[in-house]
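Chemist: Structure provided below as structure tokens; questions to follow.
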Amino acid sequence: MTVEMPDVLVVGLGPAGSRAAEATARAGLQVVALEKRAQAGTPVQCAEFVPSMIERDVPAVGEVTEQTIARMLTFVEDDDRAEETPEFRGRMLDRGKFDRLLAENAAKAGADCRYGAAVLRIGADGTVFMTDGQVFKPKVLIGADGPRSRVGAAIGQVNRELVETRQVTVPLVLPHDATDIFLSADYRGGYGWLFPKGAVANVGLGINVDGALADDKSTRRGLKEMLAALLQRLANERRIGTKAYALTGGAIPVGGRLKSTAKLGATAVLLAGDAAGLTNPVTGAGISSAVQSGTMAGRAVADLVNGRAAALDGYEEELGDIFDAALNRALRRRRELLACYADGGRPDARTLADGWIGSPRYWRPEPQDKTNEKIKEGTS
Ligand SMILES: Cc1cc2nc3c(=O)[nH]c(=O)nc-3n(C[C@H](O)[C@H](O)[C@H](O)COP(=O)(O)OP(=O)(O)OC[C@H]3O[C@@H](n4cnc5c(N)ncnc54)[C@H](O)[C@@H]3O)c2cc1C
């Protein structure tokens, strides 16, 4: 059995993994990056919206943008009058192209990107076993393998709260410049969306998969029925056509940040992106935080391999400084909403609206705490 011993092994070539691979390769380290799919980015499992600030981190984002977004419209229950959030600027991506652009940048920087085999198992000493028989014993292992991360599981960090989604791409009758959000007590712990992409739109919805909805079959059936009803409503309003071009879905971690550094024997382990639980628990947005945290993980690893032992703790601290305030606020709002379902109750329209980022009430002042709640409690 040949055991490869690169400086860095990155698992997953989504946005987090590609950025980590690029940053570590740029620092002159020997980097292998592993992606189970045949190529980065496809099949697309995303509604494809990113806020404008992504331009700071990915200046070439214009090359993979399908259209720009100017505002957000929030619809609550059956009310067809929307609450408008102006100045909600962003981009609708071609997510497949976006992910490939980042993976190509990693390869250009010198990362050895390998496709088509998955990480099967990770030993307690940090040895990584692949489905095709490859074996690695890296100095550093970066887990950027998404919401159900194997690297995370190997260090005991698992995203336990998830939203399950279903989305179709449909023709759009008229051009649209807003992301439309649909809030309903039926979409427990989630929401519906219409995100326009030129002549088409991604229409989807997500719901919590904890507790009563944990059974996969009933979750899938529920999602299917609710999405069919949302599509019917939009077709009745003559906003979309009835043909569906693409069906997708996937899990979104909504339980907040996990502890993202550990050691497996002599191997240092870092998590980034969805694997680290950095997706916003209310909006489900995770592309920007994946890009940012991937880059941060890569830089920390370069320092670590070059002898700065404190870089591992530094990464954990930096994640907290950058992401905890927003993640903790979203977690609180999410929990407030879910609490309304206790004893068979349901949130009313006002409560639903107040739990969404479009409402000033969502942004009401919070106690100052920068430390991740779950990590502080030791329950992650
Ligand atoms: C339906 C849906 C809609 C969404 N819409 C938006 C949106 O509009 N805007 C937004 O910001 N966010 C959105 N998100 C969230 C966003 O897609 C994620 O937060 C983002 O992809 C996280 O990037 P990542 O690199 O951490 O993980 P991923 O993009 O999930 O990348 C992980 C990679 O690891 C690979 N991998 C997994 N396991 C293994 C293994 N064992 N071995 C090798 N490779 C492996 C996977 O194939 C994948 O390529 C959405 C998510 C879903 C499901």
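The values are calculated or read from the model by the stated rules, or taken from the named source; none is laboratory data. Just so it is clear, the structure is predicted and the values come from calculations on it, not from any experiment. Here Cβ is always computed from backbone atoms with ideal geometry, including for glycine, and neighbour counts include all displayed protein chains.
Chemist: Say whether the condition of being under 13 Å from residue 10 (Cα atoms), of a type in the set (Ser, Thr, Tyr) and modelled with pLDDT of 95 or more is met by at least one residue in the stretch 146-154.
Modeler: The answer is yes; a qualifying residue exists.
Chemist: What number of residues in the stretch 144-172 are near the ligand (Cβ under 9 Å from one of its atoms) and under 14 Å from the mean Cα position of the chain (by Cα)?
Modeler: Number satisfying all stated conditions: 9.
Chemist: How many residues are within 7 Å of the ligand (Cβ to nearest atom), out of contact with any strand residue (DSSP E or B) (no Cβ under 6 Å at 6 or more places or on another chain) and among the small types (Gly, Ala, Ser) if we restrict to the stretch 34-52?
Modeler: So the count comes out to 1.
Chemist: Of the residues 290, 235, which single one is within 12 Å of the ligand (Cβ to nearest atom) and closer than 30 Å to residue 352 by Cβ?
Modeler: The match here is 290.
Chemist: Let me spell it out: the conditions are (1) touching a Phe, Trp or Tyr at 6+ places or on another chain (Cβ under 6 Å); (2) farther than 30 Å from residue 353 by Cβ; (3) surrounded by 14 or more Cβ atoms within 10 Å (Cβ to Cβ), and residue 121 meets all of them except one. Which number is the exception?
Modeler: (3)
Chemist: Of all residues in the stretch 1-60, which are under 19 Å from the mean Cα position of the chain (by Cα), surrounded by fewer than 24 Cβ atoms within 10 Å (Cβ to Cβ) and part of a loop (DSSP other than H, G, I, E, B)?
Modeler: If the condition is that a residue be under 19 Å from the mean Cα position of the chain (by Cα), surrounded by fewer than 24 Cβ atoms within 10 Å (Cβ to Cβ) and part of a loop (DSSP other than H, G, I, E, B), then 36, 37, 39, 42, 43, 44, 45, 48, 52, 53, 58 are the ones that fit.
Chemist: When you go through 247, 278 one by one, which is the residue that is under 20 Å from the mean Cα position of the chain (by Cα) and surrounded by fewer than 21 Cβ atoms within 10 Å (Cβ to Cβ)?
Modeler: 247
Chemist: Exactly one of (1) surrounded by fewer than 17 Cβ atoms within 10 Å (Cβ to Cβ); (2) assigned to a loop (DSSP other than H, G, I, E, B) is unmet by residue 188. Its number?
Modeler: So the condition that residue 188 fails would be (1).
Chemist: Something else now. Look through the stretch 197-208, keep the residues that are of a type outside the set (A, V, I, L, M) and within 12 Å of the ligand (Cβ to nearest atom), and return whichever of them is surrounded by the most Cβ atoms within 10 Å (Cβ to Cβ).
Modeler: Filtering first and then ranking leaves 206.
Chemist: While we're looking at this one, here's another question. Pairs please, first residue from the stretch 217-235 and farther than 16 Å from residue 185 by Cβ and touching a residue at least 12 places away in the same chain (Cβ under 8 Å), second anywhere and of a type outside the set (Ser, Thr, Tyr) and assigned to a helix (DSSP H, G or I), Cβ atoms under 6 Å, 6+ apart in sequence or on different chains.
Modeler: These pairs meet every condition: 219/213.
Chemist: Something else: Of 266, 326, 339, 310, which residue is under 30 Å from residue 358 (Cβ atoms), away from the ligand (no atom under 16 Å from the Cβ) and surrounded by fewer than 21 Cβ atoms within 10 Å (Cβ to Cβ)?
Modeler: 339
Chemist: Being among the hydrophobic types (A, V, I, L, M, F, W, C) and either buried (at least 21 other Cβ atoms within 10 Å of the Cβ) or outside any helix (DSSP H, G or I) (or both) is the filter here, so list the residues in the stretch 313-322 that pass it.
Modeler: 319
Chemist: Can I ask one more? Can you find a residue that is more than 13 Å from the ligand (Cβ to nearest atom), over 28 Å from residue 91 (Cα atoms) and modelled with pLDDT under 95 anywhere in the stretch 1-15?
Modeler: Yes - at least one qualifying residue is present in the stretch 1-15.
Chemist: Also, I was wondering about something else. Residues that are without any contact (Cβ under 8 Å) to a residue 24 or more places away in the chain and farther than 30 Å from residue 346 by Cα: does the stretch 85-100 have at least one?
Modeler: Yes, the stretch 85-100 contains at least one residue that is without any contact (Cβ under 8 Å) to a residue 24 or more places away in the chain and farther than 30 Å from residue 346 by Cα.
Chemist: Another question, if that's okay. Check 111, 118 and return the single one that is touching a helix residue (DSSP H, G or I) at 6+ places or on another chain (Cβ under 6 Å), under 25 Å from residue 293 (Cβ atoms), within 15 Å of the ligand (Cβ to nearest atom) and of a type outside the set (Asp, Glu).
Modeler: Among 111, 118, only 111 is touching a helix residue (DSSP H, G or I) at 6+ places or on another chain (Cβ under 6 Å), under 25 Å from residue 293 (Cβ atoms), within 15 Å of the ligand (Cβ to nearest atom) and of a type outside the set (Asp, Glu).
Chemist: Still on this structure, please answer the following. Would you please name the residue that is surrounded by the fewest Cβ atoms within 10 Å (Cβ to Cβ), looking only at residues in the stretch 69-84 that are closer than 25 Å to residue 15 by Cβ and in contact with a Lys or Arg (Cβ under 7 Å, 6 or more places away or on another chain)?
Modeler: In this case the residue turns out to be 70.
Chemist: In the stretch 269-287, how many are of a type in the set (A, V, I, L, M) and more than 10 Å from the ligand (Cβ to nearest atom)?
Modeler: Looking only at that region, the number is 3.
Chemist: Oh, and also: As an exercise: evaluate residue 140 against (1) over 24 Å from the mean Cα position of the chain (by Cα); (2) over 29 Å from residue 283 (Cβ atoms) and give the number of the one condition it does not meet.
Modeler: (1)
Chemist: Is there any pair linking a residue in the stretch 142-170 that is over 23 Å from residue 207 (Cα atoms) and assigned to a loop (DSSP other than H, G, I, E, B) to one that is aliphatic (A, V, I, L, M) and more than 10 Å from the ligand (Cβ to nearest atom), with Cβ under 8 Å and at least six apart or on different chains, and which?
Modeler: Final answer for the pair search is 144/297; 155/262; 155/264; 155/269; 156/262.
Chemist: Residue pairs, Cβ under 6 Å, 6 or more apart or interchain, first in the stretch 26-55 and of a type in the set (D, E, K, R), second modelled with pLDDT of 95 or more and part of a strand (DSSP E or B). List them.
Modeler: Matching pairs, first to second residue: 35/115; 48/92; 48/93.
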